[in-house]
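A short write-up of the structure that comes next.
Each value in this text was obtained by applying a stated rule to the coordinates, not by laboratory testing. None of these values were measured; they are calculated from a predicted model. When we count neighbours, we look across all protein chains shown, and the Cβ atoms used for this are built from the backbone with ideal geometry, even at glycine.
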Amino acid sequence: MCDLSVLATLPQREVAAGLAEVIKYGPIYDLAFFDWLDEHMEALVARDLAALRHAVVRSCQIKAEVVGQDERESGLRAILNFGHTFGHAIEAGMGYGVWLHGEAVGAGMVMAAELSQALGGVSADEVLRLRRLIQRAGLPVQGPHWPAAEYLQAMRVDKKAEGGAIKFVVLEKMGSAIVRQADDALVAEVLAKTCASQ
């Protein structure tokens, strides 16, 4: 059961952080939902009850569909971690609690989308559209400025890495995601493009 009235008690920063986990469902699974989010982001930020209800219901449906197809986490379910590989590195590097989880995932989704483009999955315009949507939610769209080696090291010790091999959730196209590895040099290029300059 989801009591939407609880959302009225949260600071705006927490609402924005929660929206990161809603936004991810569009690019990884449901292009129509992504379009809906693009049309209704201001209503969500303003905590319009009808918009929140639709966003919560659709998010629960998508998660149930994905988990239902992969109950034992053998493949598809990993797409729910879109933006999280980069995001967990930000959380670890900043110290837990400095950035909220959703804030780190917001910036992480931009990084993952840029990596997707570099791998031939989505266009620059689609990356820009996602970036703007994340920004409109009130979330950061750039990671902290650290050397790529620090990000890579943090990602290698992430719980989702296997034997030091970093697994990235990337977009094959908008509305569809897969898990794959990427060369460190390519990841470093993406980081240089998506991290705030000092």
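Beyond 22 Å, what percent of the Cα pairs of the range 1-94 remain?
Here the long-distance tail beyond 22 Å is 35 percent of all Cα pairs in the range 1-94.
Can you tell me, using C-alpha contacts under 8 Å and at least 6 residues apart, the relative contact order of the chain as a whole percent?
Relative contact order, the chain: 26 percent.
How big, in percent, is the set of alpha carbon pairs in the chain lying more than 29 Å apart?
It works out to 18 percent of all Cα pairs.
So if we plug the beta-carbon distance of residue 60 and residue 96 into 1/(1 + (r/R0)^6) with R0 = 22 Å, what FRET efficiency do we get, rounded to 0.05?
Efficiency, from the Cβ-Cβ distance: 0.25.
I need two numbers for the range 122-193: Rg to one decimal and Dmax as a whole number, Cα atoms only, in Å.
For the range 122-193, the Cα radius of gyration and maximum Cα-Cα distance read 13.5, 37 Å.
Pop a pseudo-label 7 angstrom from the Cα along the beta-carbon direction at both residue 188 and residue 71 and give the gap in nm to one decimal.
4.5
Hand me the trypsin sites (Lys or Arg not before Pro) from the range 49-107 located in a DSSP loop with no more than 14 other Cβ atoms within 10 Å, in residue order please.
Those satisfying the criteria are 72.
Would you mind estimating how fast the range 74-144 diffuses translationally, via Stokes-Einstein at 37 °C and 0.692 mPa s with the Kirkwood radius over Cα pairs, in µm²/s?
266
Let me know the Rg and Dmax you get for the range 50-109 when you use only its Cα atoms, in Å.
13.8, 37
How many angstrom lie between the Cα centre of the range 52-105 and the Cα centre of the range 154-189?
First find each Cα centre; the distance between them is then 14 Å.
Quick one: if you stick a label point 7 Å off each Cα along the C-beta vector at residue 45 and residue 31, how many nm between them?
The two pseudo-label positions are separated by 2.6 nm.
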